[in-house]
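Taking it in order: structure first as structure tokens, then the write-up.
The values are calculated or read from the model by the stated rules, or taken from the named source; none is laboratory data. Note that the structure is a prediction, hence the values are computed from the model and not measured. We place every Cβ from the backbone using ideal geometry, glycine too, and count neighbours over all the protein chains shown. For the accessible areas, the whole protein counts, side chains as well, though only heavy atoms, and no ligand, DNA or RNA atoms are used. Shrake-Rupley method; radii C 1.70, N 1.55, O 1.52, S 1.80 Å.
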Amino acid sequence: MQTSGCNSVEFYGVLIMKKYQQIEQQRRDATALIYDEWYRASKGILFDIRERELFRDIAGKCHGGLFVDLGSGTGRITEVIATFAKLTIAIDLSCISLQILKQKSLPNCVPICTEVSSGIPLRDASVDLVVSCQVLQHMREDEIISTLRESYRILRLGGIFAFSVYNLHYWRFGGEMERCGVDGSYDRRFSVDDIYYLAKHNNFHIQYLGYYKALPFRYLRNKVWLVFDKLVCSLCPVNKKLATYIFAVFKKGGQ
């Protein structure tokens, strides 16, 4: 598969997107220049530390090789996984976000602009780790399935797919599975059953399933709260109701 360069970012194929995907792209483009600062200010510095830590720990166990960040945006998670990779591919539908990522000059990192559910421009069984931080939650069901199938295809036997999504069980969501914004944006929340379904029907084995972000991190600064959050998110059954996000690790185990 071929890509063509433009403004230091590689493009793959033609970006044919549905309306809600176009809106998401426009939102990402519009906020790209300030996204990293906005994320840490609005969600809290401790939240950023905790989330990056989850993906850093997984990357550190994958012993190098080729890593892929699906929906990388400006590279907040790409930064931490690239440290452990021989080569990292950062994929996003926002070209401007990828230009910001490119300016970070991460070692051996190639940004590619494409819509991931339409296809990932990599060979079968060529990737050791695929990560996706809060990306699947902005996809409709058919795009989610397509993305997982593509991830399975490009992963080597024993390869890892690690991702985070909104937790449907979180009390503030009120059991509402989908949310459509007045601007046409789309969010989806995932139950534990959803996670097991995605694994089973895409030939993955679940290696880990947990929760994070039970505390209002935007108001907290002392790192001791990270320890308390981990504790709360490890306690059944309160973790299911108090945590905002699910973190799952799938492994490709063969046909």
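Only one of 182, 227, 165 is aliphatic (A, V, I, L, M) and part of a strand (DSSP E or B). Can you tell me which?
Within the list 182, 227, 165, the selection yields 165.
Mind counting the residues in region 83-92 that are surrounded by fewer than 23 Cβ atoms within 10 Å (Cβ to Cβ) and either of a type in the set (A, V, I, L, M, F, W, C) or modelled with pLDDT under 90 (or both)?
So the count comes out to 2.
On the basis of being small (Gly, Ala, Ser), closer than 18 Å to residue 121 by Cα and at pLDDT 95 or above, does residue 72 make the cut?
Values: small (Gly, Ala, Ser): yes; closer than 18 Å to residue 121 by Cα: yes; at pLDDT 95 or above: yes.
When the stated conditions are applied, residue 72 passes them.
If I filter region 62-77 for residues that are open to solvent by 30 Å² or more (accessible area, probe 1.4 Å), touching a Cys at 6+ places or on another chain (Cβ under 9 Å) and closer than 16 Å to residue 162 by Cβ, do I get at least one hit? Please lay out each step first, then the result.
To start, the set of residues in region 62-77 that are open to solvent by 30 Å² or more (accessible area, probe 1.4 Å) comprises 63.
Pick out the ones that are also touching a Cys at 6+ places or on another chain (Cβ under 9 Å) and you get none.
Among the residues of region 62-77, not one is open to solvent by 30 Å² or more (accessible area, probe 1.4 Å), touching a Cys at 6+ places or on another chain (Cβ under 9 Å) and closer than 16 Å to residue 162 by Cβ, which makes the answer no.
Picking from 232, 238, 182, which residue would you name as being open to solvent by less than 40 Å² (accessible area, probe 1.4 Å), without any contact (Cβ under 8 Å) to a residue 40 or more places away in the chain and over 27 Å from residue 129 (Cα atoms)?
On the way: 238 fails: open to solvent by less than 40 Å² (accessible area, probe 1.4 Å); 182 fails: open to solvent by less than 40 Å² (accessible area, probe 1.4 Å).
Just one listed residue meets the conditions, 232.
Being open to solvent by 10 Å² or more (accessible area, probe 1.4 Å), over 17 Å from the mean Cα position of the chain (by Cα) and either closer than 24 Å to residue 68 by Cα or small (Gly, Ala, Ser) (or both), is that true of even one residue in region 158-166? Please lay out each step first, then the result.
So the first thing to find is which residues in region 158-166 are open to solvent by 10 Å² or more (accessible area, probe 1.4 Å), and the list is 158, 160, 166.
Within this subset, residues satisfying the condition of being over 17 Å from the mean Cα position of the chain (by Cα) are 158.
Next, only the ones that are either closer than 24 Å to residue 68 by Cα or small (Gly, Ala, Ser) (or both) stay: 158.
Yes, region 158-166 has at least one match.
Output the number of residues of region 110-128 satisfying the condition of being charged (D, E, K, R) and out of contact with any Leu (no Cβ under 7 Å at 6 or more places or on another chain). Please lay out each step first, then the result.
To start, the set of residues in region 110-128 that are charged (D, E, K, R) comprises 115, 123-124, 128.
Keeping just the survivors that are out of contact with any Leu (no Cβ under 7 Å at 6 or more places or on another chain) gives 123-124.
Selection size over region 110-128: 2.
For residue 124, are the conditions met, namely being outside any loop (DSSP other than H, G, I, E, B), of a type outside the set (Lys, Arg), on the phi < 0 side of the Ramachandran plot and modelled with pLDDT of 90 or more?
no
Report, by residue number, each residue of region 138-156 that is crowded, with 21+ Cβ neighbours inside 10 Å and either out of contact with any helix residue (DSSP H, G or I) (no Cβ under 8 Å at 6 or more places or on another chain) or polar (S, T, N, Q) (or both).
147, 151, 154, 155
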